[in-house]
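S.K.: Have a look at this one.
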Amino acid sequence: MNPDNRLMEMIRLERRALEAAARAEEAALKGGGGGGTPGGMEGRVAKLEADVDHLKRVADRMDTRLERHTELLAAIDERTKHLPTKPYIFACVGATIAAIGVIVALIVRFLPHAS
């Protein structure tokens, strides 16, 4: 038997073994005694329940944090309502520049020259 044929035979045997194991597991699950589950299922279910409880606690903590952040955002929103707007700032800067211009013009007009 050449190496390729031996390899193919080994693959076929491995596949048959896996199929047999799958059939045996399926037969154990579908047993007629009313148990219907292989050993260890209760432990796996208990672990899943514990994991779900943990996830619920994490979700509750996240909900609490989300509520706190919502309150903070509401406070920030309220504070920003009282801030000056861009048009108001531009009007103030423009008025200040105009006032400085008037003062400089008055100084130039009414101060005596050094001649």
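Since every read-out is calculated from the coordinates, none of them should be taken as a lab result. Since this is a predicted model, take the numbers as computed values, not measurements. Every residue, glycine as well, gets a Cβ built from its backbone with ideal geometry; the counts of neighbours run over all protein chains shown.
S.K.: With Cβ to Cβ distances under 14 Å as the rule, what net charge do the other residues near Glu71 carry (K, R +1; D, E -1)? It would help to have the intermediate numbers written out before the result.
M.R.: Details: positive: Arg65, Arg68, Arg79; negative: Asp63, Glu67, Asp77, Glu78.
Every neighbour counted, the sum reads -1.
S.K.: Between Glu9 and Asp77, what is the label-point separation in nm under the 7 Å Cα-to-beta-carbon projection?
M.R.: Each label point is offset 7 Å from its Cα along the Cβ direction, giving 7.7 nm.
S.K.: Test of understanding: given the chain, find the longest segment containing no trypsin sites (Lys or Arg not before Pro) that are in a DSSP loop and have at most 13 other Cβ atoms within 10 Å.
M.R.: Details: sites that count: Lys30, Lys81.
The longest such stretch corresponds to 31-80.
S.K.: Convex hull over the alpha-carbon atoms of the chain: what's its volume per residue in Å³? Please report the intermediate quantities before stating the final value.
M.R.: Details: hull volume 43.1 nm³, N = 115.
Expressed per residue, the convex hull around the Cα atoms of the chain is 375 Å³.
S.K.: Which of Ile100, Ala46, Leu73 sits closest to the plus end of the dipole of the chain, meaning its Cα is farthest towards the positive end, when Lys and Arg get +1 and Asp and Glu get -1 on the C-beta?
M.R.: Toward the positive end, the furthest listed residue is Ile100.
S.K.: So how tilted is helix 41-80 from the main axis of the chain? Cα-based, degrees 0 to 90, rounded to 10.
M.R.: Helix 41-80 and the main axis of the chain meet at about 10 degrees.
S.K.: Quick one: among His69, His82, His54, which has the greatest mean-square fluctuation in a GNM of the chain with alpha-carbon springs under 10 angstrom?
M.R.: His82
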